[in-house]
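In what follows, a structure is listed as structure tokens, so that the remarks can point back to it.
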């Protein structure tokens, strides 16, 4: 879905001058189509998530037909697993510990995946604030995994992650997919979940796997309802 500057202003509740400044100075992803600036809904979501900009449910909830073809938050977390008490002293060792826990096929090169995650961090920290990071590769399609997965890892002690708010990270949602649309779809699910008080509290308190999945299931229900309301307008 291509959005206009006016669309972005309405979605992010920002004046046009601020949106134009984000384009010039803040790296807000955009495209020029026939001389007009346009924005991709999913790219806007990723940028806003990283910059802790409040987003309405209608931006996060994809149309039902599109969402039905993608894995849900619960399915992806079940595929990736929830792990507690990982030991790490800094960002690189935290990512190494995460990669070591990920439920990956035997033929996936974990060393290569770690290098990809570290390279992504060199471009910009994936620490989104409030103790949470969402590590992911810059180009998901390089990882030919059979099933999209989100691995949620809790660190035994928070580590510095160069997050935008300066706070150390204790929870990492690591995305591994083989397609960019799926990657962005799952990022949307995580972003929506972290706006939900119940899911957010479960992550902050490092709740057990069953509680995390229960909150994720409730979040999925809320997203489905939001998409249904959008399509009936």
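Entry remark, region 151-170: residues being surrounded by fewer than 15 Cβ atoms within 10 Å (Cβ to Cβ) and closer than 21 Å to residue 113 by Cα number 1 in total. Say whether the condition of being over 14 Å from the mean Cα position of the chain (by Cα) and assigned to a loop (DSSP other than H, G, I, E, B) is met by at least one residue in region 220-231. No, that holds for no residue. Residue pairs whose Cβ atoms lie under 6 Å apart, separated by 6 or more positions or on different chains, with the first residue in region 204-233 and surrounded by 15 or more Cβ atoms within 10 Å (Cβ to Cβ) and the second modelled with pLDDT under 80 and in a helix (DSSP H, G or I), are 226/57; 227/64.
Filter region 188-203 for residues that are part of a helix (DSSP H, G or I), touching a helix residue (DSSP H, G or I) at 6+ places or on another chain (Cβ under 6 Å) and crowded, with 19+ Cβ neighbours inside 10 Å and give the result. Spell out the reasoning first.
Let us first name the residues in region 188-203 that are part of a helix (DSSP H, G or I), namely 188-193, 197-203.
The next check asks that each one be touching a helix residue (DSSP H, G or I) at 6+ places or on another chain (Cβ under 6 Å); those that pass are 188-189, 191-193, 198-199, 202.
Answer for region 188-203, where residues must be part of a helix (DSSP H, G or I), touching a helix residue (DSSP H, G or I) at 6+ places or on another chain (Cβ under 6 Å) and crowded, with 19+ Cβ neighbours inside 10 Å: 188, 189, 191, 192, 193, 199, 202.
Taken over region 109-133, the criterion of being surrounded by 13 or more Cβ atoms within 10 Å (Cβ to Cβ), more than 16 Å from the chain's Cα centre (by Cα) and in contact (Cβ under 8 Å) with a residue 12 or more places away in the chain is satisfied by 113, 114, 116, 118.
Of all residues in region 66-77, those that are on the phi < 0 side of the Ramachandran plot have Cβ atoms under 6 Å from Cβ atoms of residues that are in a loop (DSSP other than H, G, I, E, B) and at pLDDT 65 or above, 6 or more apart or on another chain, in 71/148; 76/148. Listed here are the strands (runs of 3 or more DSSP E) enclosed by region 12-88 that have at least 2 residues being closer than 21 Å to residue 190 by Cβ and modelled with pLDDT of 85 or more: 82-86.
Take the conditions surrounded by 22 or more Cβ atoms within 10 Å (Cβ to Cβ), in a strand (DSSP E or B) and modelled with pLDDT of 95 or more and apply them to residue 173. Does it pass? Spell out the reasoning first.
On the way: surrounded by 22 or more Cβ atoms within 10 Å (Cβ to Cβ): yes; in a strand (DSSP E or B): yes; modelled with pLDDT of 95 or more: yes.
So residue 173 fits the description; yes.
Quick check: is even one residue across region 134-142 in contact (Cβ under 8 Å) with a residue 60 or more places away in the chain and surrounded by fewer than 17 Cβ atoms within 10 Å (Cβ to Cβ)?
Of the residues in region 134-142, the ones in contact (Cβ under 8 Å) with a residue 60 or more places away in the chain are 134.
If we keep only those that are surrounded by fewer than 17 Cβ atoms within 10 Å (Cβ to Cβ) too, we end up with none.
No, there is no match, as no residue in region 134-142 is in contact (Cβ under 8 Å) with a residue 60 or more places away in the chain and surrounded by fewer than 17 Cβ atoms within 10 Å (Cβ to Cβ).
The values are calculated or read from the model by the stated rules, or taken from the named source; none is laboratory data. Treat the numbers as computed from the prediction; the structure is a model and nothing was measured. Every residue, glycine as well, gets a Cβ built from its backbone with ideal geometry; the counts of neighbours run over all protein chains shown.
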